[in-house]
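Sending over a structure as structure tokens; questions will come in a sec.
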Amino acid sequence: MTRIYVPIDSSALSLGAERTARAIAAEATKRGVQVDIVRNGSRGLFWLEPLVEVETAQGRIAYGPVQAKDVAGLFDAGLLDGKAHALCLGPTEAIPYLKKQERLTFARVGITDPLSIDDYVAHDGYKGLQNAVAMSGADVVKAVTDSGLRGRGGAAFPTGIKWNTVLGAQADQKYIVCNADEGDSGTFSDRMLMEGDPYCLIEGMTIAGIAVGATQGYIYLRSEYPHAFRTLAEAIRRARAAGYLGADVLGSGKAFELEVRMGAGAYVCGEETSLLESLEGKRGVVRFKPPLPALQGLFGRPTVINNVMSLASVPVILDRGATFYRDFGVGRSRGTLPFQLTGNLRHGGLVEKAFGVTLRELLYDYGGGSASGRPIRAVQVGGPLGAYVPESQFDVPLDYEAYAAMQAMVGHGGLVAFDDTVDLAQMARYAMEFCAIESCGKCTPCRIGSTRGVEVIDRIIANEDRGRNIALLQSLCDTMLAGSLCALGGMAPYPVLSALNHFPEDFGIDQSAAA
Amino acid sequence: MTAVHSSPTQPAARDTLARVQAIADAHRDLPGALLPILHAVQNEIGHVPDGAVPLIAQVLNLSRAEVHGVISFYHHFRTEAPGRHVVQVCRAEACQSVGAMALEAHAKKALGCDYHQTSADNAVTLEPVYCLGNCACGPSIRVDDEIVGRVDAARFDDVIGELRDGPRSTT
Ligand SMILES: Cc1cc2nc3c(=O)[nH]c(=O)nc-3n(C[C@H](O)[C@H](O)[C@H](O)COP(=O)(O)O)c2cc1C
Ligand code: SF4
Ligand code: FES
């Protein structure tokens, strides 16, 4: 029986993968041939989705994009034997976009059946946990520290140091919380992994729990991800049934339980303390720090809170060793980052590379330039609180420190490309508008300042007293930078000021007059 | 928009509140139960009716103001019944870079309503959303629980046409 892969990833579905899968099943029935259709995750080559793969003696052969209407013709051409066709892309692994990547965290995504534990184990899954249960908690934490892994959710705090604080805390109960709120525009790596390789996240959280002595985990998932919710819930059920979760994880005598909780459409709930409030059933208002969540987190107990990518990078570290992971990357940015190439690009998708790659390589060697065919003028890196990066900075290596030095941030690794039709004054206005909509309301500079910001930018655009209003905008940004409790108000000025500094002409000022 | 309000004494409303009570009771021992309860109520009923607030407050030993405060904090929770389908248009940056603002204008015109309103035939409630995690395939919209990518005006009209004709979305 021929095995055919048709992704069940949300983005693939958004481009018609469900209809393609049904058409393949129907066509096979019509022709009286048996096929085994596996609904895999996405390989992350979204311009080729729905990407159909056929298993042959020569390995997996890819076709794409395959719409339902193409299916009969593909069968005629010999799809089941991996024969030639206009949509045939050859062996999947040889597609340069994939071949040149360094997939550590995404090693299995798109390859395995997301819900099959057997498939997961056959592709090195649960090796990290096997090692971890044989180690002391302190040694597991040390491995994570030595790997150089830093938080992938935005702030890039060393993961091992956070875990060590929780390990050292004394309490009747500790928690592992996964931040799966992924609210940044231009990001989808958390979603792809949760839909395409959910056991990887489950394994990472289980290792964290065993290491620091936490017996309960929660995945706080944004409500915009209903497919991921279903996949995670089913994967947790199966992991529990197979003894990978529960009262006695892998016979270690240690307990770890896991539950998925749904957010409710508030961007600020991605901020860790707001998220904890939300998990407790309250309004997602940001907490003052200290106390650190590591000491007084969920329900006042010591809590590890990490992004999906941070936790999903742990299994490979425990499997292959800290040195293996640390050998990727540059400077203090170790390992790999799954970059998300989005916006106006021909070849949008997921590219996992070691730190140190440049924007230019990602945008052109992978992204293929803009989708519109026009010059790429600006790229917003790191989500709605990240700076707009102009072409003159496309060659700076993507490295936490190098980006910070130019008032930009790598963040969660999302890149949003804009062509030369973009109006950066409008994007700056939007950044302020977004901040106003999503503010939790605790601090005045964020709550009121962002609304003022929209008004001031409107006046600049309308050329009302432009010079004075630009000065006003700058001082407003200073107030927000200095007087905000969290990075929503505290970093919303980054996109605004980068737009103003790098693209003053969009605000009606000539270069020489720019601040 | 025309919303049909039934008075609390009508059987339909009584059944609804009985469901809310059952949902709240079933979750009462869950740590941090309020959001799971609100989700379950909205999933079943389509929104969180006003009458649900005192019931939930009582089960969780909270004040009505606290429950109301939580409902109003989160964009996801609705206190009015939506149309037969909910369509969300992504207006975040990645979708903007490929024409989301033009799509937004088209959507409002095609449905004859603004955000947080329902088309006159009650088929579609229109809402804004800030990223659907489909940023390499924008502009994106969400139709009930399905995401649709690369949506231009024509594709939007096709989707809405199917919603208006069909009873449920089958994307
Ligand atoms: C407004 C705001 C939104 C955030 N959104 C997210 C998010 O969606 N996902 C995430 O992992 N971290 C987000 N963060 C960062 C978290 O506060 C926190 O740094 C992170 O969960 C820590 O995990 P990590 O160390 O693994 O990155 C956000 C921060 C702010 C201020
Ligand atoms: S900066 Fe804004 S979102 Fe953050 S705590 Fe203050 S008001 Fe809330
Ligand atoms: S920005 Fe629209 S889906 Fe992410």
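Computed from the coordinates by the stated procedures, all read-outs in this text should not be read as laboratory data. Keep in mind that what you see is a predicted model, and the values were worked out from it rather than measured. Counting neighbours? That spans all protein chains shown, and the Cβs are built from the backbone with ideal geometry, glycine included.
Test A:Ala233 against the stated conditions and say whether it is hydrophobic (A, V, I, L, M, F, W, C), within 13 Å of chain B (Cβ to nearest Cβ) and closer than 24 Å to A:Gly411 by Cβ.
Values: hydrophobic (A, V, I, L, M, F, W, C): yes; within 13 Å of chain B (Cβ to nearest Cβ): yes; closer than 24 Å to A:Gly411 by Cβ: no.
Judged against the criteria, A:Ala233 is not a match.
Also, I was wondering about something else. Within the stretch A:481-505, which residues are crowded, with 19+ Cβ neighbours inside 10 Å, more than 14 Å from chain B (Cβ to nearest Cβ) and away from ligand 1 (no atom under 13 Å from the Cβ)?
A:Pro493, A:Leu497, A:Leu500, A:His502, A:Phe503, A:Pro504
Identify all residues within the stretch A:480-493 that are in a helix (DSSP H, G or I) and more than 15 Å from A:Ile457 (Cβ to Cβ); write none if there are none. Walk me through it before giving the result.
Step one: filter the stretch A:480-493 for residues in a helix (DSSP H, G or I), giving A:480-483, A:487-491, A:493.
Residues satisfying the conditions are A:Leu481, A:Ala482, A:Gly483, A:Ala487, A:Leu488, A:Gly489, A:Gly490, A:Met491.
Next question. Quick check on A:Asp423: is it touching a helix residue (DSSP H, G or I) at 6+ places or on another chain (Cβ under 7 Å) and charged (D, E, K, R)? Walk me through how you get there before you give the answer.
On the way: touching a helix residue (DSSP H, G or I) at 6+ places or on another chain (Cβ under 7 Å): yes; charged (D, E, K, R): yes.
Considered against the rule, which asks whether it is touching a helix residue (DSSP H, G or I) at 6+ places or on another chain (Cβ under 7 Å) and charged (D, E, K, R), A:Asp423 comes out as yes.
When you scan the stretch A:220-239, how many residues do you find that are farther than 24 Å from A:Gly251 by Cα and in contact (Cβ under 8 Å) with a residue 24 or more places away in the chain? Spell out how you get there, then give the answer.
Start the filter on the stretch A:220-239 by keeping residues that are farther than 24 Å from A:Gly251 by Cα, which leaves A:220-231.
Going one step further and asking which of them are in contact (Cβ under 8 Å) with a residue 24 or more places away in the chain, we end up with A:220-225, A:227-229, A:231.
Final tally of qualifying residues: 10.
Return the residues of the stretch A:91-122 that are surrounded by 18 or more Cβ atoms within 10 Å (Cβ to Cβ) and among the basic types (Lys, Arg); say none if nothing qualifies.
Matches in the stretch A:91-122: A:Arg103, A:Arg108.
A further question on this structure: Restricted to the stretch A:163-189, and to residues that are of a type in the set (Val, Ile, Thr) and assigned to a strand (DSSP E or B), which residue is farthest from ligand 3 (Cβ to nearest atom)? Show your work before the answer.
So the first thing to find is which residues in the stretch A:163-189 are of a type in the set (Val, Ile, Thr), and the list is A:165-166, A:176-177, A:187.
Checking which are assigned to a strand (DSSP E or B) leaves us with A:176-177.
Working: A:Ile176: 27, A:Val177: 24 Å.
Here the residue is A:Ile176.
Please specify each residue of the stretch B:77-130 satisfying the condition of being over 19 Å from B:Ala153 (Cα atoms) and within 16 Å of ligand 1 (Cβ to nearest atom).
Within the stretch B:77-130, B:Tyr130 is the sole residue that qualifies.
Taking into account only those residues within the stretch A:151-166 that are over 17 Å from A:Pro315 (Cβ atoms) and touching a Lys or Arg at 6+ places or on another chain (Cβ under 9 Å), which is surrounded by the fewest Cβ atoms within 10 Å (Cβ to Cβ)?
So the residue we want is A:Phe157.
Quick check on my filter: what residues within the stretch B:118-146 are touching a helix residue (DSSP H, G or I) at 6+ places or on another chain (Cβ under 6 Å), away from every other protein chain (no Cβ under 14 Å) and surrounded by fewer than 22 Cβ atoms within 10 Å (Cβ to Cβ)?
Once the filter is applied, which keeps residues that are touching a helix residue (DSSP H, G or I) at 6+ places or on another chain (Cβ under 6 Å), away from every other protein chain (no Cβ under 14 Å) and surrounded by fewer than 22 Cβ atoms within 10 Å (Cβ to Cβ), the stretch B:118-146 yields B:Ser119, B:Ala123.
Checking A:Gly204 against (1) closer than 14 Å to A:Val133 by Cα; (2) part of a helix (DSSP H, G or I); (3) touching a Lys or Arg at 6+ places or on another chain (Cβ under 8 Å), which test does it fail?
Here A:Gly204 clears every test but (3).
Restricting attention to the stretch A:114-160, report how many residues are in a helix (DSSP H, G or I) and either within 10 Å of ligand 1 (Cβ to nearest atom) or within 14 Å of chain B (Cβ to nearest Cβ) (or both). Full working, then the answer.
Going residue by residue through the stretch A:114-160, those that are in a helix (DSSP H, G or I) are A:117-122, A:127-133, A:137-147, A:159-160.
Okay, now just the ones that are also either within 10 Å of ligand 1 (Cβ to nearest atom) or within 14 Å of chain B (Cβ to nearest Cβ) (or both), so A:159.
Matching residues across the stretch A:114-160 total 1.
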